[in-house]
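What follows is a set of notes on a single structure, which appears directly below.
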Amino acid sequence: MPSNEDQQLIEKSISGDYIAFEELVRRYENKVYSVAYRFMGNHADASDLAQEAFIKIYQALSKFRGDSSFMTWIYHITSNVCRDELRKRQKKQTFSLDENFQDKDNLPPIMNLPSDKPGPEEEFERFELRKQVQHCLNLLSEEHRLILVMREMQELSYDEIAEVLDCSLGTVKSRLSRARMAFKEKMTLILEQSSSEPRQTIKEGMIL
């Protein structure tokens, strides 16, 4: 169920109050962008698809019944927008797994890295690790990437994931287990290839 404030903004937006919808965008734009970024792996595509997602959200507001949280509903729309775009690119054979990560100041933080202000060397290591994590996500299947983004990055509950994917809790848990295993295998290989003695290793709770 949406919060009372969200529900009021939703109702006003449906009635044509654009200021109310702008407030909804302000509240959720970072989360929508984060979802899009983790799917696409670069800022330009993430920004474009976040805008497209909000257009679809606005168009579909009258269909929101409040059976789930507003964020879960938004997530469902955003993930569908990103998945549709990825399918289009795969058909055109233009989707690349390699991204240029030069804009490190704008790169979103990854899961559970320490929050203390790092020194220059540690900051560089974190930046390199973020690149490797995103590259690893890009190498995963769409199914595995989607469920990892939902659970590990967006911190959706198992029930919320089951609702988004329209599947049982058992399916969510088994799919997540396989996705974590696939991520760990690929990430280990990436770290081994990047250095004979990698400074960053996969630890429980640091990445997944």
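Since every read-out is calculated from the coordinates, none of them should be taken as a lab result. Quick caveat: nothing in here was measured; it's all calculated off a predicted structure. Note that we place each Cβ from the backbone using ideal geometry, even for glycine, and neighbour counts take in every protein chain shown.
Summing charges over neighbours of Q51, with a neighbour being any other residue whose Cβ is under 15 Å away from its Cβ, gives -4 when K and R count +1 and D and E count -1. Backbone geometry of region 4-9 corresponds, through the Karplus equation with coefficients 6.51, -1.76 and 1.60 at θ = phi - 60°, to 3J(HN,Hα) couplings of 4, 5, 4, 4, 5, 5 Hz, x marking Gly and Pro.
Within the shell defined by Cβ-Cβ distances under 10 Å, the residues around D17 carry a net charge of -2, with Lys and Arg each +1 and Asp and Glu each -1. Derived scalar couplings between HN and Hα for region 57-65 equal 4, 4, 5, 9, 3, 5, 8, 6, 9 Hz in order, rounded to whole Hz, by the Karplus curve 6.51 cos²θ - 1.76 cosθ + 1.60 (θ = phi - 60°), x for Gly and Pro.
Backbone phi angles across region 11-22, fed through the Karplus curve with coefficients 6.51, -1.76 and 1.60 (θ = phi - 60°), yield HN-Hα couplings of 5, 5, 5, 4, 7, x, 7, 5, 5, 5, 5, 4 Hz in residue order; Gly and Pro are listed as x.
By the count of other C-beta atoms within 10 Å, a proxy for reagent exposure, E185, E152 are ordered fewest to most as E185, E152.
For K184 and K56, the difference between the fully extended length at 0.36 nm per residue and the C-alpha to C-alpha distance is 42.6 nm. With a cut-off of 18 Å on the backbone N, the residues of region 167-191 near the modelled label site 7 Å out from Y158 along Cα-Cβ are 167-181. Taken about its Cα centre, region 1-95 carries a charge dipole of about 600 debye when Lys and Arg each add +1 at the Cβ and Asp and Glu each add -1 at the Cβ. Here the gap between I19 and R87, fully extended at 0.36 nm per residue and compared with their Cα-Cα distance, gives a gain of 21.1 nm.
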